[in-house]
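Accompanying notes for the structure given below.
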Amino acid sequence: MPGRVHDFGKYGARGLKSSLAVAIQLDILAAGIASPVDSERGLAARLRYLTASAGGYEAMERAGISVSARTLIGWLAETQTPNRANLAKIDDAYWDYRRRNVAKDLLKRLNANGGTRVELSPLDQSGVRATRQRDITHRSLNVRRWDEIVACWAEDDMDGLEDEWCDWLMDIGTDWGEYHYVSAVGFSA
């Protein structure tokens, strides 16, 4: 697709794909458990959340957690501790299930009142030689329909999210490619 950056960072620019920044901001808005999964509190909270409904068990299955009922009971009773691989899978399952649970409410808030204003902070060019720097300013756009963006985020489909996000990014105009990579993307719901 024309306008996308192919050799990002070649001259010293720093940043991240704006679609990834959108996903990070949506994760922040999803506001899950703050304690890390390798802490007693974080593990217990994630396991309680996942085992409270059939959807949580489905998320554990999608994450590749296949342990006996006895092991799972041991984890819940805190008499057994999952190994590092299972801790990572538990965290993945938690965030998968959390995204799916909050997507509907988040979508409603983002689409309310004609959409949500998104602020784009340009990429960091402090490491780029002055003769190669571009004049890129802060920009904003109003995303009116978040349906596909949130659906891709909830499914953890980063390729789909990038495509959907770039469709909106093109609303900026001919210089939309300058915001394919950014320092940050900000919005709230």
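The values are calculated or read from the model by the stated rules, or taken from the named source; none is laboratory data. Fair warning: this is a prediction, and the values are worked out from it, not measured in the lab. Positions of Cβ are backbone-derived with ideal geometry, glycine not excepted, and every protein chain shown enters the neighbour counts. We work out accessible area using only protein heavy atoms, side chains counted, and drop any ligands, DNA or RNA first. Shrake-Rupley method; radii C 1.70, N 1.55, O 1.52, S 1.80 Å.
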Q: Read through the list (1) touching a residue at least 60 places away in the same chain (Cβ under 8 Å); (2) part of a helix (DSSP H, G or I), then give the number of the only condition that Ala44 fails.
A: (1)
Q.
Cβ contacts < 7 Å: first residue surrounded by fewer than 12 Cβ atoms within 10 Å (Cβ to Cβ), restricted to region 167-179; second residue not in a helix (DSSP H, G or I), any location; separation 6+ or different chain. Result?
A. Asp171/Leu141
Q) Among the residues of region 73-108 satisfying the criterion of being closer than 17 Å to Gln25 by Cα and free of Cβ contacts under 8 Å to residues at least 40 places away in the same chain, which is most open to solvent (accessible area, probe 1.4 Å)? A) Lys104
Q. All but one of (1) touching a Phe, Trp or Tyr at 6+ places or on another chain (Cβ under 7 Å); (2) open to solvent by 20 Å² or more (accessible area, probe 1.4 Å); (3) more than 30 Å from Ala54 (Cα to Cα) hold for Asn111; which doesn't?
A. (3)
